[in-house]
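Just so it is clear, none of the values below were taken in a lab; they were calculated from the coordinates. Computed from a predicted model, the values in this text were never measured in an experiment. Neighbour counts are summed over all protein chains in view; Cβ atoms, including those assigned to glycine, are modelled from backbone coordinates with ideal geometry.
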Amino acid sequence: MKYANPIKLLIILLLVAGISIYSYPPLLQGLNLGLDLRGGVHILLEAEETDEIEITNEVMDQLLEVMRHRVDELGVSEPYIQRSGANRIVVELAGIDDPEMAMEIVGRTASLEFRLPDGTVILHGGHLDTAHARIDQNNRENYVHISFNTEGAMIFGQVTAYMVNSYPYGSPNRHIAIILDGEVLSNPHIREAIPGGQARISGSFHEFSEAATLAALLRAGALPVDVEMVHVLIIGPQLGEEAIERSQIALIIGITFIFLFMFIVYKLNGLVANISLVLYGVILLALLSSINAVLTLPGIAGLLLSVGLAIDANIIIYERIKEELRTGKSLRAAVDAGFRRATLTILDANITSLVASLVLFMFGTGLIRGFAVTLSLGIVVSLFTSLIFTRILLRTIVKIKIFQNNKYYGV
């Protein structure tokens, strides 16, 4: 058909334009921003060795696990929790609303014990099944309702039954002290046997948030070792906003110069490259959003570098096409030969960069891994847009009569 290729070209352009217009805003808004862009708190914790506890890899692994459970209670999106050296842990929480509460949850030991008047510990945090903050509707008192596991419920039932049967009401021997981190939270009197494995911690919570914090700590578990906060850095969101604004300005300026350069030097080929770059941006943002990647400043640097690699691939292709055209080949033959000659070169260069980024991801930590993720995804997407999408677009264009002039292709 005479108009088959123009219609095909129009459909491709409309699809790219539609996808870009409707996808860019939600994709940009849905990206998870890291600590350096969104603000938050950076905490460095150090495990303290004692005569009873030696800091080993097993202890640090257990500490990391408990810390992750605690951070999950905060509801922080994509937290960064990593060992630093033999006995330190770095915790970065982006976008949290209450840094002080975060530091309280992360740094508190939360060692819970139930003791008899003679000092015997009958239950500890390991016997807990769950804990929830509640409000007593009769006196509006804040408290933490706890449930013991099967073993804890059995012990609690036996001990309370023994107390009720052995000591008269009001006896000091019918008390069970509830102790958190060495501090007595409450010392309730046992009125009757409690076989159901339920208990209440009350009397020390002036605000409901205090009870909720303790409940979160108890659900996450006690730290296996005491920790000390070496330093705490609170990063305001204004720093991230300024970094984002500057990055956006840099990106706009860079993309504008790239678009102009490609169009001036490579004419119609350059316009095709610019369309490919728009599609490249949509696909890359979609991939980052789908894997819940956290975007940081190094991650933005990886994005910008991958944009350069994407344009570099197009330049290699177009230079090969120009060489073929100068030898007298037709447009269709030049396009096919140009892609065939450029493909191996592009694959060699990009696979080398991809291997380097994978090594960074495997052996790097934190921000370095963020850079590696964005760079790796950018390389993969650039290979698709430059070797597949650009080829389809150019093959369609050179079949349209009005575009069959070598001057349109930089020759």
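Note on the chain: GNM, Cα springs under 10 Å; of Leu185, Leu309, Leu14, the largest mean-square fluctuation is that of Leu14. With the cut-off at under 18 Å, measuring from each backbone N in region 165-200 to a point 7 Å along the Cα-to-Cβ line of Glu210 picks out 178-188, 200.
With a Förster radius of 56 Å applied to the C-beta separation of Phe257 and Ala193, the computed FRET efficiency comes to 0.10. Beta bridges from DSSP with both residues in the chain: antiparallel share about 95 percent, rounded to the nearest 5.
The distance separating the Cα centre of region 9-58 from that of region 241-312 comes to 18 Å. Normalising the average separation of contacting C-alpha pairs (under 8 angstrom, six or more residues apart) by the number of residues puts the relative contact order of region 184-274 at 13 percent.
For region 240-330, the C-alpha radius of gyration sits at 1.30 times the compact-globule guess of 2.2 N^0.38 Å, with N the residue count.
Once the C-beta distance of Asp98 and Ala356 is scaled by a Förster radius of 35 Å, the resulting FRET efficiency is 0.30 to the nearest 0.05. If you run the Gaussian network model on the chain, springs between alpha carbon atoms under 10 Å, then out of Met67, Met262, Met362 the most flexible one is Met362. Lysine pairs in the chain whose alpha-carbon atoms fall under 22 angstrom of each other, counting only those eight or more residues apart or on distinct chains, come to 17. Relative to the longest principal axis of the Cα atoms of the chain, helix 367-384 runs at roughly 30 degrees.
The ranking of Glu151, Glu183, Glu324 by Cβ neighbour count inside 10 Å, starting from the fewest, reads Glu183, Glu151, Glu324.
Quick check: from the Cα gyration tensor, does region 40-235 come out rounded (a/c under 1.5), prolate or oblate? Prolate. Working from Cα pairs under 8 Å separated by at least six residues, relative contact order for the chain is 21 percent. The value of relative contact order for region 40-235, using C-alpha pairs under 8 Å at least six residues apart, is 32 percent. Between helix 331-363 and the chain, what is the angle of the helix's C-alpha long axis to the longest principal axis, kept within 0 to 90° and rounded to the nearest 10? With rounding to tens, the tilt is 20 degrees.
Approximating the spin labels as points 7 Å out from Cα along Cα→Cβ, the Val380-to-Gln82 distance works out to 2.1 nm.
Remark: Arg332, Arg83 ranked as Arg332, Arg83, counting other beta-carbon atoms within 10 Å and listing the fewest first. Springs between Cα atoms under 10 Å define the GNM used for the chain, and in it the highest mean-square fluctuation of Ser306, Ser209, Ser166 occurs at Ser166.
In the P(r) worked out for region 85-144, what percent of Cα pairs fall beyond 12 Å? When all Cα pairs of region 85-144 are counted, 81 percent exceed 12 Å. Shape class of region 297-382 from the Cα gyration tensor (axes a ≥ b ≥ c, square roots of the eigenvalues): prolate, since a/c reaches 1.5 or more and a/b is larger than b/c. Between helix 57-74 and the chain there is an angle of about 80 degrees, using the helix long axis and the longest principal axis of the Cα atoms.
For the chain, the mean projected area of the C-alpha convex hull, equal to one quarter of the hull surface, is 27.6 nm². Stretched out straight at 0.36 nm per residue, the stretch from Leu31 to Glu241 would grow longer than its current Cα-Cα span by 74.2 nm. A helix-only calculation puts the chain at -19000 deg cm²/dmol for mean residue ellipticity at 222 nm, using -39500 (n - 2.57) for each DSSP H run of at least four residues, averaged over all residues.
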